[in-house]
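First comes the structure, then the notes that go with it.
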Amino acid sequence: MDPFNLKEDDVVVIRAFDDWPEHLFQVWEVYDDSITGYSITGPLEGVYGEPAFDLILKVHSRADG
């Protein structure tokens with residue numbers, strides 16, 4: 001279940017993991033245990049991903065303002 005009530009085009013902060021620093025990620029789709037979308041900052045900028053909710057630190061901005 002989505003603990004952040006995310007919607008398409010929301011931007012979230014993904015926590016640092018492995019060798020990747022904290023970065024912003026734009027949501028495309030929301031599933032029961034993960035999201036899909038693209039990194040919009042950092043060394044993964046422009047890269048598609050499917051992070052699980054436990055990698056999300058917080059919501060950075062909402063698509064609807």
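The values are calculated or read from the model by the stated rules, or taken from the named source; none is laboratory data. Worth saying up front: this structure is predicted, and the values here are computed from it rather than measured. When we count neighbours, we look across all protein chains shown, and the Cβ atoms used for this are built from the backbone with ideal geometry, even at glycine. All accessible areas refer to the heavy atoms of the entire protein, side chains included, with ligands and DNA or RNA removed. Shrake-Rupley method; radii C 1.70, N 1.55, O 1.52, S 1.80 Å.
Listing for the model above:
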read-out: Matching option when the condition is of a type in the set (Phe, Trp, Tyr) and not in a strand (DSSP E or B), among Phe25, Phe4; value: Phe4
read-out: Selected residue (criterion: farthest from Lys7 (Cα to Cα)) from residues of the stretch 32-44 that are among the hydroxyl-bearing types (Ser, Thr, Tyr) and open to solvent by 40 Å² or more (accessible area, probe 1.4 Å); value: Thr41
read-out: Members of the stretch 32-65 that are among the aliphatic types (A, V, I, L, M) and either over 11 Å from the mean Cα position of the chain (by Cα) or closer than 14 Å to Asp10 by Cβ (or both); value: Ile35, Ile40, Leu44, Val47, Ile56, Leu57, Val59, Ala63
read-out: Verdict on Glu29 being of a type outside the set (A, V, I, L, M), open to solvent by 20 Å² or more (accessible area, probe 1.4 Å), more than 9 Å from the chain's Cα centre (by Cα) and at negative phi; value: yes
read-out: Failed item, numbered, when Phe4 is tested on (1) surrounded by fewer than 12 Cβ atoms within 10 Å (Cβ to Cβ); (2) in contact with a strand residue (DSSP E or B) (Cβ under 7 Å, 6 or more places away or on another chain); value: (1)
read-out: Filter result for the condition that a residue is open to solvent by 30 Å² or more (accessible area, probe 1.4 Å) and not acidic (Asp, Glu), over Val11, Val47; value: Val47
read-out: Per-region count, the stretch 50-65, residues in a loop (DSSP other than H, G, I, E, B) and open to solvent by 50 Å² or more (accessible area, probe 1.4 Å); value: 5
